[in-house]
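These notes are about the structure you will find just below.
The values are calculated or read from the model by the stated rules, or taken from the named source; none is laboratory data. Note that the structure is predicted; figures quoted are calculated from it, not measured. Here the Cβ positions follow ideal geometry from the backbone for every residue, glycine too, while neighbour counts run over all protein chains shown. With ligands, DNA and RNA removed, areas are computed over all heavy atoms of the protein, side chains included. Shrake-Rupley method; radii C 1.70, N 1.55, O 1.52, S 1.80 Å.
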Amino acid sequence: MKIATVLRNDDYTREVEERLREKLSANQERTCRFVKDVSEHPDLVLSIGGDGTLLEAVHEYGFEPHYVGIHTGHLGFYADWRPEELDEFIHALNHITPLIAEYPTVQCRVTAAGVTTSKWALNELVIRNASLSTLVARVLINGEEFETFRGDGLIVSSPSGSTAYNKAVDGAIVHPSIEAIQLSEIASINNQTYRTIDSSLVLPKHHEVELIVKNPKIMLGLDREQAVWKDVQSITCRVGTDKVKFARYRKLPFWGRVRKAFITD
Ligand code: NAP
């Protein structure tokens, strides 16, 4: 089995990875070979750190490998194992056929200065005005005019991203088995002149939302990546055809994670 690792940049995480490498190299029951990058096509990518580390891993390795998260901080949404469970994890690797949980992504096409670029996110796409003034964007759903948004920004999140930025703006939490995207507002202006729906919208697979941007420069965020884009005419988002595949060697139900993360551990 070819294994790659992606680490959070701290000493404790590096120490956990070192221990894991030693244990896997000494593993008698299954041959594990560590590889360095995507060109070597790893079967399994181990993300050691937090949910942010997993986002980095999926953008580095894409949709081909299976992912497993080991969390070296608080319990994450994308990580199943704690550092003190490395032996248990290796035992599972040797003896259990994992269930593959496929998480939907947000797929988008960004048209800027006449050029269309395809992008994707596991958590979300975020747009904001590049300066502190209001973002103005026409919102079309399945090609039909829906509203004109004025405010700080818009988030289009995946189900697994619904517990991240989307939740902080009161979006709904969506189970990752539901193939949907969610459009949420960041501080919309609602008064007698301007009006938005002021609720999050959950769109099913095959529906699409188009944002026609009026500002000359916007800040576009895709998971961890953020960049200023000029002359953006439109951004179209839908449920991605590619999914991120997580290898689940044991059960850790989603709603249990939600409870542990936001109510009580
Ligand atoms: P960061 O600002 O260093 O951390 C953002 C926090 O979001 C971390 O605690 C991270 O968990 C957590 N997180 C990431 N994905 C999550 C998910 N699917 N469900 C629940 N929590 C999640 O940024 P980062 O580590 O590079 O992560 C990028 C993400 O930050 C973005 O995708 C966006 O969702 C989120 N973000 C949130 C806000 C907000 O809530 N107001 C604002 C900007 C960005 P770990 O500590 O385990 O890594």
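Is the range 1-107 rounded, prolate or oblate when judged by the Cα gyration tensor, a ≥ b ≥ c being the square roots of its eigenvalues, rounded requiring a/c under 1.5 and prolate requiring a/b larger than b/c?
Cα axes put the range 1-107 in the rounded bin.
Taking all protein chains together and a probe of 1.4 Å, list Phe89, Phe77, Phe146, Phe63 from the most accessible to the least accessible. Please report the intermediate quantities before stating the final value.
Details: Phe89 0, Phe77 25, Phe146 90, Phe63 45 Å².
I get Phe146, Phe63, Phe77, Phe89, largest accessible area first.
Calculate what fraction, in whole %, of the accessible area of the range 1-93 sits on carbon and sulfur atoms when a 1.4 Å probe is rolled over the protein chains. Don't skip to the end; give the middle numbers.
Numbers: 2040 of 4370 Å².
The nonpolar share, carbon plus sulfur, comes to 47 percent.
Can you tell me the dipole magnitude for the chain around its Cα centre, using point charges on the Cβ only (Lys, Arg +1; Asp, Glu -1), in Debye to the nearest 20?
Approximately 280 debye in magnitude.
Using the heavy atoms of the protein chains and a 1.4 angstrom probe, tell me the accessible area per residue for the chain in square angstrom.
Working: 12930 Å² over 265 residues.
For the chain, the solvent-accessible area averages 49 Å² per residue.
Need one number: % antiparallel among DSSP beta bridges in the range 54-126, to the nearest 5. Could the numbers behind the result be given before it?
Numbers: 7 of 8 bridges.
Around 90 percent antiparallel, to the nearest 5.
Note down the relative contact order for the chain as a percent, whole number, built from C-alpha pairs under 8 angstrom at least six residues apart.
Over the chain, the number comes to 21 percent.
For the range 118-184, what % of the accessible area comes from carbon and sulfur atoms, probe 1.4 Å? Please report the intermediate quantities before stating the final value.
Working: 1210 of 2510 Å².
Whole-percent figure for carbon plus sulfur exposure: 48.
For Ser133, what charge total do you get from the other residues with a beta carbon under 14 Å from its beta carbon, if Lys and Arg give +1 and Asp and Glu give -1?
+3
Summing Lys, Arg as +1 and Asp, Glu as -1, what charge do residues with Cβ under 14 Å from the Cβ of Gly171 carry, Gly171 excluded?
Its environment carries a net charge of -3.
Can you give the accessible area of Ser162, probe radius 1.4 Å, in Å² rounded to 10?
0 Å²
Run lengths n ≥ 4 of DSSP H only: what is the helix-derived mean residue ellipticity at 222 nm for the chain, with -39500 (n - 2.57) per run over all residues, to the nearest 500?
Taken over the chain, the calculation gives -5500 deg cm²/dmol.
Nearest-5 percent of antiparallel DSSP beta bridges in the chain?
Antiparallel bridges make up about 80 percent of those DSSP assigns within the chain.
Which value, in Å² and to the nearest 10, is the accessible area of Ser177 when all protein chains are kept and the probe is 1.4 Å?
Ser177 exposes around 90 Å² with every protein chain in place.
Provide the solvent-accessible area of Thr193, counting protein heavy atoms only and rolling a 1.4 Å probe, rounded to the nearest 10 Å².
For Thr193, solvent-accessible area is about 110 Å².
Positive end of the charge dipole of the chain (Lys, Arg +1 and Asp, Glu -1 on Cβ, about the Cα centre): tell me which of Met219, Val244, Leu44 has its Cα farthest that way.
Checking the options against the dipole of the chain, the answer is Met219.
For Glu15, what is the net charge nearby, where nearby means another residue's Cβ is under 15 Å from its Cβ and Lys, Arg count +1, Asp, Glu -1?
Result for the neighbourhood of Glu15: 0.
Rounded to the nearest 0.05, what FRET efficiency do Ala113 and Ala261 have when you use their Cβ-Cβ distance and R0 = 35 Å?
Efficiency computed from Cβ-Cβ geometry: 0.30.
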